[in-house]
Amino acid sequence: MGGNSGASHVRRRTLIIGLGLGGILGGVVTPTEAAMLWVIYALVIGMFIYREIRARDLLPMLVNIASLTGMVMLLVGTASLLSWIFAAEGIPLLLANWMLGLSVHPAPFLLLTILAFLIFGAVLEGLPALIILAPIFFPVAGRFGLDSLHYGIVIIGTLGIGLFLPPFGVGFFIACGLGQINVEAATRTYLPYLLMLLA
């Protein structure tokens, strides 16, 4: 009985992975449409196979999703407007000239980038921080002759660390909540790993 249950779980996982990735790689659906298919599949499985989602739970779930989406889109819209204002005011050029006046070597600029994205990634989360800061820093990186792919990897890595930066990283709080762990105790345990990641 347990073997049949395990096999059915594997079949369901294989189906959902194939449904999304197969559609994306085959050019049938976009990643956003694949995510929608995964949500519908999870809803059907949750309601009719596992019976963990009841019909009366749907309205509160949809209201919660709508409010969360609205909050994120408000952040993204505000960040986009801020990016446009910075570009119109020539902030990237001013920053580039200021940085080039300090040093012609790219290392100080990379350290400044890591510090800025670390702080903004913890406070704002990844996407708003990326929308606000990337249009400012990328032209400056070009002035220093940094490869855009390398610079992008540094930014994404730093945002990932910032998301779990104690004591105010959003991801860190979520992880502590899911694990039902005290934030102070988790910070003490996580600190050596954080230092290694930063190094």
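Bear in mind these aren't lab numbers, they're just calculated from the coordinates by the rules spelled out. Everything numeric in this text was worked out from a predicted model, so none of it was measured. Every residue, glycine as well, gets a Cβ built from its backbone with ideal geometry; the counts of neighbours run over all protein chains shown.
Among GLY22, GLY142, GLY160, whose mean-square fluctuation peaks in a Gaussian network model of the chain (Cα, cutoff 10 Å)?
Taking springs between Cα atoms under 10 Å, the residue moving most is GLY22.
Could you tell me the center-to-center distance, by alpha carbons, between region 129-173 and region 47-102 in angstrom?
Going from one Cα centre to the other spans 16 Å.
In Å and on Cα atoms, what radius of gyration and Dmax does region 115-198 show?
Computed over the Cα atoms of region 115-198, radius of gyration and Dmax are 14.3, 47 Å.
If packing is taken as the mean number of other Cβ atoms within 10 Å per residue, what is the order of 162-168, 143-149, highest first?
The most tightly packed comes first, giving 162-168, 143-149.
Just rank TRP38, TRP84, fewest to most, by other beta-carbon atoms within 10 angstrom.
With the sparsest Cβ surroundings first, the list reads TRP84, TRP38.
Assuming a ≥ b ≥ c are the square roots of the Cα gyration tensor eigenvalues, decide whether region 49-199 counts as rounded (a/c under 1.5), prolate (otherwise, with a/b larger than b/c) or oblate.
Oblate shape, in that a/c is at least 1.5 and b/c is the bigger or equal ratio.
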